[in-house]
Amino acid sequence: MNDKLIFIVDDDKVILNLLEYTFKSREGFEVKTFNSGEECLENMELAPDLIVLDHLFYLQGKESMSGLDTLKELRKNNVKVPVIILSGQEDLTLIREFIRNGAMKYIPKEDYFIDVLVESVERIVAFN
């Protein structure tokens, strides 16, 4: 079985390291991490099996695409890769906008988000 490539896109290095460790310690996953939507889009030739995408990016003094902008750009380029949104934002209007633009799941960064994320990733990659 080939390892499934997961892109994790978040500006928080602690979250990136935690998720990278979590998925690399599980069999069947390869992980690439990025600090911004732009970096993710620049590396799409690697053909990820799934993208875990944050919504807001705060990169020292420079503007960066939001997660929603990144998702819209993926879909505009007809990229069908499954996307899970992982965000501290719990605005229902925003959540609906992500789903309307093709996100498969929206997971708030709460106490047990890692368990929910791992379960969601495993379920989604099993069917794709």
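The values are calculated or read from the model by the stated rules, or taken from the named source; none is laboratory data. On a predicted model such as this, the values are computed, not experimentally measured, just so you know. Cβ atoms come from the backbone with ideal geometry, glycine included; neighbour counts cover every protein chain shown. Side chains included, ligands, DNA and RNA excluded: accessible areas come from the protein's heavy atoms. Shrake-Rupley method; radii C 1.70, N 1.55, O 1.52, S 1.80 Å.
What number of residues within the range 1-42 satisfy the criterion of being of a type in the set (D, E, K, R) and in contact with a Ser or Thr (Cβ under 6 Å, 6 or more places away or on another chain)? Selection size over the range 1-42: 1. Could you tell me whether Lys13 is out of contact with any Asp or Glu (no Cβ under 8 Å at 6 or more places or on another chain), surrounded by fewer than 18 Cβ atoms within 10 Å (Cβ to Cβ) and modelled with pLDDT of 95 or more? In short, no. Going through (1) hydrophobic (A, V, I, L, M, F, W, C); (2) open to solvent by 10 Å² or more (accessible area, probe 1.4 Å); (3) not in a helix (DSSP H, G or I) one by one, Leu18 falls short only on (3).
One residue alone among Lys80, Lys32 is surrounded by 13 or more Cβ atoms within 10 Å (Cβ to Cβ), more than 15 Å from Leu117 (Cβ to Cβ) and not polar (S, T, N, Q), and that residue is Lys32. Taking the criterion of being in contact with a strand residue (DSSP E or B) (Cβ under 6 Å, 6 or more places away or on another chain) and under 15 Å from Asp3 (Cβ atoms), the residues of the range 31-50 that qualify are Val31, Lys32, Pro48, Asp49, Leu50.
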